[in-house]
Structures are given as C-alpha cells and as structure tokens.
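Step one of this worksheet: look at the structure below.
The values are calculated or read from the model by the stated rules, or taken from the named source; none is laboratory data. Just so we're clear, the structure is a prediction, and the values are computed from it rather than from any experiment. Reconstructed Cβ throughout: ideal geometry from the backbone, glycine too, with neighbour counts over all protein chains shown.
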Ligand code: MEV
C-alpha cells in the first residue's frame, strides 16, 4: 500500500472520522464549540436533557453522518442524518451523485401554515352553528392574532378558518373548526395549541355548543413539501444492467407500491429512512412528520406511495415526491439541543420552508436508492459491502485499506474477521 493519498483514499467515506469532521467543519464554518458538540463531548449533557423531559436518567446516542453530493435548487447541501441503520447514508449519497448531471433536486414548500382543530359538541343545529362561525371569521381570527408578538412581527399569524360538519361518528354529528395559522420558522405546535385554547370560549359563546378537543392536526396538508429529480439514462446502467432495464424495473417497482398497500408501507418506510434521519438530526418532531406522511399517503381512502416515477420524452427517469412537512428551525429542540443546532448550521437552511424542501429531496433520493437496488441486484449486496467494511475495520484496517479489504472480502464471499486479519497480515508482511 503506497503512502501518498490516492483519489479513492480522499473520498469522504474513506477519510478518518476526524478528517471528515474537519472537512465538514471547514465547509460549514463551524466554531470549536460546534465541533465539540459533534464529538460526544460538548453535545447534549444530562443536565440539559433533564430540562427537556421528565424522569431523565441519562442521554442516548445515535450516529450522526453527513450525506454527500446533494445539489438542491442549485445549492451544494451537506445533509446531516441521524440514523442507526447502515447503508442509508451511503445509498442516498450515491443517488445524489447520480442526480448531479441533470442539475440535482428541485424542491419547494408551501407557506408554513399549520391546521389546528376545535371539536364542537352539543350545538342545537350544526348547519346553523357552522354559518355563525363563518360569519364571525374575522372576529375569531382577530382573537388569536396577537398570541405571539415575535411571530406577528415576523409575518406569522392566523390566516383562515374552516368549519367542517362531521355527519356520522360513533357519537353522531358534530362540528370541527379548523384554524389555519402561519407559524413561519417554527414547527408550530405550541403556537397553534395556544391559539386554539384562546379561541375556544368565543367558539362556545357564538355557537352555544361545548368545545372538547383543541389540538393541532398532524395531517399538515397546508404545509406540503415537494421535490423532483431527473436521472439521465446515461447514469442508470451499471454492471450487467442496461439503462432502460434499470429505469423500467424502477418503474415496475414503483407501480407495485402505487397499487398495493403492503408494498406501499415498505416503500414509504424507505422514504422515511431519509426524511426521519434529517428530521431527527435537526431536532424536529419525527413522530409528527411520520404521522403526517402516512395520513397523507392514505388521503384518497387507499394507502399508496408518496412518490411518483416516470420517464421524460428522452427516456430519462423522472421522480417526484410530495408530503406534509411540519418542521422548524426555531423553537423546541432545534435550538436547545447543541447537536441539532450544529446540524442546522451544517445544512444551511435559512427558513423552515427551505428545510422542508431539502427533507423532501432527501426522501426522494432515499426512495430511488431503495428502488434501484431492489429492482436490480437486491439490497443485500450493498448491505454486505458495508458489513464487510465493518469487519475490515474490526480486523484493524486503516484508511484506504478499509475499502480495498472490504472489496476483497465481498469478492471472496468470505466476510469473516479471521479472513480479514489473514489478508491484512499478508499485506503488512509484503510492506516490510
Ligand atoms: C429498508 O430500511 C428500506 C427498504 O425496505 C425500502 C423499500 O423496500 O423500498 C429497502
């Protein structure tokens, strides 16, 4: 093994952990404190954790990685991802690389409008009560315009009001009022729940009914994020697979998810591998995003895929994704958790809307990675390659040795630590 660093050795994944941190730190302009927050030293302390939730006895670590090659709306984006599952980060980075020749991902997001729900029971006549609430829309909106002066200054606030009549339910008919509130750069749960509680007495006095639930809806379909990508045909062929074969197999794999909820659940799980990893890294509420995604996937009454795949007039593969994305860059853990703060800086998202679009792009890329693997060689080969890297590392391989040794183990179909040690010993003997 030569000493000078080859191109292969310089690849991000072949760098040592501290070299990788250095690269990211320079690109994202991290301070020493921010760097320390990633090393497990200056991260979430038990003292801070103790202020975040109840009954704290410790903190729980997960790997934080950075996905490479993402070009989103013309900007180079380093994507921090927190996930325990191997292959996810490598696979998504590879897809981001394939997307570069066509200009990468194009992402957008709706205005950050959350929906809050008020359940109104026991009205004398539901259609009449509905009319009364809508007649008083401006008064109701004014009631909650000033709950957060900072948010108001930033341009947030109540936007609209809808009243729905639930015709049939286990308790019969009732009304549901939807408050639409622009929460700007916050996830918005606190703002909207406060607004709903403020609104409830006025709703009761206007309708003569009884307000029961006052809570946001996680089906945040006023706050959709979307992304699209083109993968040139020339990027699709590999090994024995032709580009048309890869594309058409991806389309057939997607069609399976589009038509069958059993497959759609797994397909969407793969999307959420990417989505959640960024949502967690940035300190956002991944249960909220999960709930919104799956409810949105079932909006037609039949659970289906969150992505679509097709081909353009040149035969290139084109894909798109759309899903609710209630994430923020201020408030909650996004600012309290030191690692989330640093992750947000690495990502460089300047607004919640930009963050939402980036997350959608990552979800789309992750879906492509899974479909491409499943529709060609299967996912086990990639998993085995990563497993082989871990075995190589455990056997003591260093730097570039790791991937070369891993490749040899895979080629020999003998991914054991004993074999890895044998090969390493042979190499070291030769070097003497
Ligand atoms: C595994 O975490 C995710 C996949 O199952 C997704 C999919 O099947 O599309 C590979």
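Overview of results
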item: Residue 67 vs. criteria surrounded by 12 or more Cβ atoms within 10 Å (Cβ to Cβ) and part of a helix (DSSP H, G or I); result: no
item: Tally, over region 84-116, of residues that are farther than 21 Å from residue 372 by Cα and crowded, with 19+ Cβ neighbours inside 10 Å; result: 7
item: Members of region 399-415 found to be touching a helix residue (DSSP H, G or I) at 6+ places or on another chain (Cβ under 7 Å) and not in a helix (DSSP H, G or I), listed by number; result: 399, 400, 415
item: Residue match in region 40-54 (condition: in contact (Cβ under 8 Å) with a residue 40 or more places away in the chain, crowded, with 16+ Cβ neighbours inside 10 Å and over 22 Å from the mean Cα position of the chain (by Cα)); result: yes
item: Residue within region 100-113 that is within 22 Å of the chain's Cα centre (by Cα) and without any contact (Cβ under 8 Å) to a residue 40 or more places away in the chain present; result: yes
item: Candidates 363, 357, 378, 319, filtered to the one that is closer than 19 Å to residue 287 by Cα and either within 16 Å of the ligand (Cβ to nearest atom) or assigned to a strand (DSSP E or B) (or both); result: 363
item: Unique match (being within 16 Å of the ligand (Cβ to nearest atom) and either in the same structural domain as residue 129 (by TED's automatic domain parsing) or in contact with a helix residue (DSSP H, G or I) (Cβ under 8 Å, 6 or more places away or on another chain) (or both)) among 237, 225, 258, 189; result: 258
item: Check on residue 62, touching a strand residue (DSSP E or B) at 6+ places or on another chain (Cβ under 8 Å), surrounded by fewer than 17 Cβ atoms within 10 Å (Cβ to Cβ) and under 30 Å from residue 377 (Cα atoms); result: yes
item: Matching residues in region 280-321 - criterion: being in contact with a strand residue (DSSP E or B) (Cβ under 7 Å, 6 or more places away or on another chain) and over 29 Å from residue 344 (Cβ atoms); result: 308, 309, 310, 311, 312, 316, 317, 318
item: Any chance residue 373 is more than 16 Å from the ligand (Cβ to nearest atom), assigned by TED's automatic domain parsing to the domain that holds residue 326 and under 26 Å from residue 278 (Cβ atoms); result: no
item: Residues of region 387-398 classified as within 27 Å of residue 238 (Cα to Cα), crowded, with 17+ Cβ neighbours inside 10 Å and either in contact (Cβ under 8 Å) with a residue 24 or more places away in the chain or out of contact with any helix residue (DSSP H, G or I) (no Cβ under 9 Å at 6 or more places or on another chain) (or both), total; result: 4
item: Residues that are closer than 15 Å to residue 304 by Cα and surrounded by fewer than 14 Cβ atoms within 10 Å (Cβ to Cβ), drawn from region 215-260; result: 252, 255, 259
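Conditions (1) under 30 Å from residue 227 (Cβ atoms); (2) touching a strand residue (DSSP E or B) at 6+ places or on another chain (Cβ under 9 Å); (3) at pLDDT 95 or above, marked per residue:
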residue: 368; (1), (2), (3): yes, yes, yes
residue: 378; (1), (2), (3): yes, no, no
residue: 393; (1), (2), (3): no, no, no
residue: 397; (1), (2), (3): no, no, no
residue: 422; (1), (2), (3): no, no, yes
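Residue-wise test of (1) farther than 21 Å from residue 79 by Cα; (2) part of a helix (DSSP H, G or I); (3) within 13 Å of the ligand (Cβ to nearest atom).
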residue	(1), (2), (3)
268	no, yes, yes
271	no, yes, yes
283	no, no, no
300	yes, no, no
